[in-house]
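Heads up, the thing below is written out as structure tokens.
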Amino acid sequence: MRNMKRPETEWRELIDQMRSSGQTQRSWCEANSINVKTMGNWIRRFKQRPADEESNVFVSAGMISKVSPAPTRQQIRIEIAGCIVTVEDGFDTATLKSVVKVLATL
């Protein structure tokens, strides 16, 4: 097992990977050499945070090279790393966060 402190962002990633794996927490942790008690502690830590604290997570996406003006219906076009994201009225904030997070890795 890795005996070094992982940053909070890495724990969020690990928890997401574990949840999407379809495995139990114990079997996923064993397969990935992660202490199951430590994983449980991080899951509880994130659950105990107020919702407004969770929503204040920022992702550095580097320089936004172009923002197009919104057409008559309400939408925003954002270009990051050569990719264009169009966000329309009623968008799902969790989905947008996930998209920006992925684009930030490009």
Problem - FRET efficiency for E10 and E88, using Cβ-Cβ distance with R0 set to 35 Å, rounded to 0.05 - result: 0.60
Problem - Unit charges on C-beta of K, R, D, E only; dipole of segment 8-51, Debye - result: 300
Practice task
Of the options N41, Q25, L14, report the single residue whose Cα projects farthest towards the positive end of the charge dipole of segment 8-51 (beta-carbon charges: Lys, Arg +1; Asp, Glu -1).
Solution key: N41
Problem - Förster radius 25 Å - calculated FRET efficiency between K101 and R44, Cβ distance, rounded to 0.05 - result: 0.65
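Throughout, read-outs are computed from the coordinates displayed, never taken from laboratory work. Computed from a prediction, not measured in an experiment: that's the story for all the values here. Heads up, the Cβs are rebuilt from the backbone with ideal geometry, glycines too, and the neighbour counts pull from every protein chain shown.
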